[in-house]
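The values are calculated or read from the model by the stated rules, or taken from the named source; none is laboratory data. Please read these numbers as outputs of a predicted model, since none were measured by experiment. Here the Cβ positions follow ideal geometry from the backbone for every residue, glycine too, while neighbour counts run over all protein chains shown.
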Amino acid sequence: MISVLLVDDHHLVRTGIQALLNSCKEIEVIAVADSGEQAVEMVGELSPDVVLMDVSMPGIGGVEASRRILRQNPNVRIIGLSAYNEGPIPQQLLKLGVLGFISKSSSADEMICAIRKAVEGQRYLCNDVATHLAFQNLLGDQQSPFTKLSQRETEIVTLILQGKSIAEMAEMLEINTKTVNTYRYRLYGKLKVKNDVELTRLAVKFGHFDTGLI
């Protein structure tokens, strides 16, 4: 039996996916979490075979939660889950060591296939994400300037778009406020923006919607 920890901040989404997965005889959703913080704690307590992680959540979000989980236990198998397949998030998760990324619009069979692959230690990307990453590699940074950002800078962008203060970002990411500002102004330079307003406009232009608000 494959044990799964399901992480999503929307009750209806959790309920639907849990029912779908539990209908498969070889998969059992052993627990659900509604935040990245809760997911980090539960992984330590329950040691699930697979974590199905929504990447767009308030708080530390799915990317930072995945980073913390993998830092504690590199053998945990994580699959990213999102309503959006574009932007820098899929690539950042793969760089972290996440084994797969699927869309919330994926079929039941595709979701189950991703979980099976993860248990076997194999990567799995849904078709839309795989196609996007292929074109991203072909076009390079012309497609989105956000691909220039490091994993930590991407996390800072996500929190800025959530409207978090410097102090809140520092607390969530477990770094000091000076370090947050260093990353903030570094990413400003890479994106060629002067403030958060320009950053938000650029994010909208390039479809960087993984803000935790959806």
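State which residue is modelled with the lowest pLDDT when the search covers only the range 39-69 and only residues that are out of contact with any Leu (no Cβ under 9 Å at 6 or more places or on another chain) and under 10 Å from residue 9 (Cβ atoms).
Looking at the filtered set, the residue picked out is 59.
Out of the residues in the range 160-192 that are in a helix (DSSP H, G or I) and of a type in the set (Val, Ile, Thr), state the one that is farthest from residue 37 (Cα to Cα).
182
In the range 167-198, which residues are β-branched (Val, Ile, Thr) and more than 21 Å from the chain's Cα centre (by Cα)?
Correct list: 177, 179, 182, 193, 197.
Kindly list the number of the only condition in (1) modelled with pLDDT of 80 or more; (2) surrounded by 17 or more Cβ atoms within 10 Å (Cβ to Cβ); (3) among the hydrophobic types (A, V, I, L, M, F, W, C) that fails for residue 197.
Looking at each condition in turn, residue 197 falls short on (2).
Residues that are farther than 23 Å from residue 122 by Cα, without any contact (Cβ under 8 Å) to a residue 12 or more places away in the chain and not β-branched (Val, Ile, Thr): list the helices (runs of 4 or more DSSP H) wholly contained in the range 1-98 that include at least 1 such residues.
Those helices (runs of 4 or more DSSP H) span 11-22, 36-46.
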